[in-house]
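Asker: I have a structure I would like to understand better, so I am pasting it below and will then ask my questions one at a time.
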Amino acid sequence: MKTTCQDIINAMEAFAPERLKEEWDNMGFMLGSREKVVKRALVALEINDGVALEAEKMRADMIITHHPLIFRGLKSVTGDDAAGRRLLSLIKNETAVYSAHTSLDAAEGGVNDALCDAIGLIDIEPLAPSRLDGYKWGVGRVGVLPNETPLHEIAVKIKNVLNAEFATVSGDSKKMVKRAGVCSGAGSDMLRFAIDKGCDFYVTGDVTHHFAQNAVDSDIGLIGLTHYDSEVIITPVIRDLLNEYFNQNGFDARAFASEFDGATIRLVH
């Protein structure tokens, strides 16, 4: 059976409903026609030049991303800047785009749960309450390690399991920790919830000096990742979700996880 963009949107909406998004967010169907037939769908964290070229080479009909293709208002779409050139290229190649942003952060089984699974946390509960009545999960998670572990040791494990180029540690690296707060992406504003929940350490991305100092002053260990490394783990999850959906419903489409390394921060040795 033929697969349309709307079929894929339905699958994504069932997994991460748009109503879960934060009020400031811009997400959903970004580009294309809902009736377009899709045979190949590419799943990526975001659309950069590398992903756009990858989609073109594999003749992807649709790209599903976590980061929105269009986040802030556009006043023009021209070849004068990178964002405009990418949009023009996608339009030329008739590549549709759907982005599930903060809805995928909050959704059960979404980005934060994938990160908890990778770390090896159990007894998962919400870090922050949902802003929707009747929905359990908000942004972020709390979980526990099976055993107390030195902060440095768990940081090394996280780095390795995520295949990250590096991870940072703030606080006493020898401190024995067990209860963790987790927030994928930029989670500095969620640190207070981890403290209130009695977490021994907190894992997030985009760690700055002042954020780390706040964690140290609050006596909570902090493991820092790049924004990219804390979230790209969701791409194979969505690929598998869509392929299962296609198989169960007799659709003839197939989803692929992007193989392009979109990391923008490198460690100089």
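Asker: Share of antiparallel DSSP beta bridges in segment 25-183, in percent to the nearest 5?
Answerer: Percentage antiparallel, nearest 5: 60.
Asker: The list (1) 1.25; (2) 0.93; (3) 1.04 gives values of Cα Rg over 2.2 N^0.38 Å, and only one came from this structure; which label was calculated from it?
Answerer: Checking each listed value against the structure points to (3).
Asker: Quick one: of the DSSP bridges fully inside segment 142-269, what percent are antiparallel, nearest 5?
Answerer: If I count the DSSP bridges inside segment 142-269, around 45 percent turn out antiparallel.
Asker: Karplus couplings for segment 26-36 from phi (6.51 cos²θ - 1.76 cosθ + 1.60, θ = phi - 60°), rounded to Hz, Gly and Pro as x?
Answerer: Each residue of segment 26-36 in turn: 10, 8, x, 6, 9, 7, x, 10, 5, 8, 4 Hz.
Asker: While we're here: What lysines does Lys57 reach when the alpha-carbon gap must be under 23 Å and sequence neighbours fewer than 8 apart in one chain are set aside?
Answerer: Straight-distance partners of Lys57: Lys2, Lys36, Lys39, Lys92.
Asker: May I ask you to derive the relative contact order of segment 108-225, considering only C-alpha pairs under 8 Å and at least 6 residues apart, and to give it as an integer percent?
Answerer: Here the relative contact order equals 24 percent.
Asker: If you don't mind, there's one more thing I want to ask. Once you keep just the Cα pairs under 8 angstrom separated by 6 or more residues, what percentage relative contact order results for the chain?
Answerer: The value is 20 percent.
Asker: Still on this structure: Kindly flag which residue pairs out of Lys21/Lys197; Lys159/Lys197; Lys21/Lys75; Lys136/Lys175 have an alpha-carbon separation exceeding 29 Å in this structure.
Answerer: Over 29 Å apart, Cα to Cα: Lys136/Lys175.
Asker: Moving to a separate point now. Only counting other Cβ atoms within 10 Å, I'd like Ser130, Ser258, Ser170 sorted with the fewest neighbours first.
Answerer: Ser130, Ser170, Ser258
Asker: Running a GNM on the chain with Cα contacts under 10 Å, which residue among His66, His210, His152 ends up with the highest mean-square fluctuation?
Answerer: It is His210.
Asker: Using a 10 angstrom cutoff on alpha carbons, build the Gaussian network for the chain and name the most mobile of Leu121, Leu151, Leu132.
Answerer: Leu132
Asker: Filter the trypsin sites (Lys or Arg not before Pro) in segment 116-190 down to the DSSP loop ones having no more than 15 other Cβ atoms within 10 Å, then list what survives.
Answerer: Here the trypsin sites (Lys or Arg not before Pro) that fit, given the DSSP loop and packing criteria, are Arg131, Lys136, Lys174.
Asker: Antiparallel as a % of all DSSP beta bridges within the chain, to the nearest 5?
Answerer: Antiparallel: roughly 40 percent of the beta bridges in the chain.
Asker: Looking at the chain as a GNM with Cα springs under 10 Å, which of Met27, Met190, Met58 has the largest mean-square fluctuation?
Answerer: Fluctuation is largest for Met58.
Asker: Quick one: longest stretch of the chain between exposed loop GluC sites (Glu not before Pro), exposed meaning at most 11 other C-beta atoms within 10 Å and loop per DSSP?
Answerer: Excluding the exposed sites themselves, the longest stretch runs over 36-269.
Asker: Here is a further query. Over the alpha-carbon set of segment 87-215, divide Rg by the Kirkwood Rh and report the Rg/Rh ratio to two decimals.
Answerer: 1.04
Asker: Can you give me the span-like helices of the chain, meaning DSSP H runs with 27 Å or more of Cα extent along the axis and Kyte-Doolittle mean at or above 0.0?
Answerer: Helices meeting the span and hydropathy rule in the chain: none at all.
Asker: Which chymotrypsin sites (Phe, Trp or Tyr not before Pro) does segment 152-227 hold that lie in a coil by DSSP with at most 16 other beta carbons within 10 Å?
Answerer: Phe166
Asker: Continuing with this model, one more query. Using helices alone, I'd like the mean residue ellipticity at 222 nm for the chain: each DSSP H run of four-plus residues gives -39500 (n - 2.57), total over residue count, nearest 500.
Answerer: Helix contribution divided over all residues of the chain: -10000 deg cm²/dmol.
Values in this text are rule-based calculations from the coordinates and carry no lab data. If you're wondering where the values come from, they're calculated on a predicted model, not measured in any experiment. With ideal geometry, Cβ positions are generated from the backbone for all residues, glycine too; neighbour counts draw on all protein chains shown.
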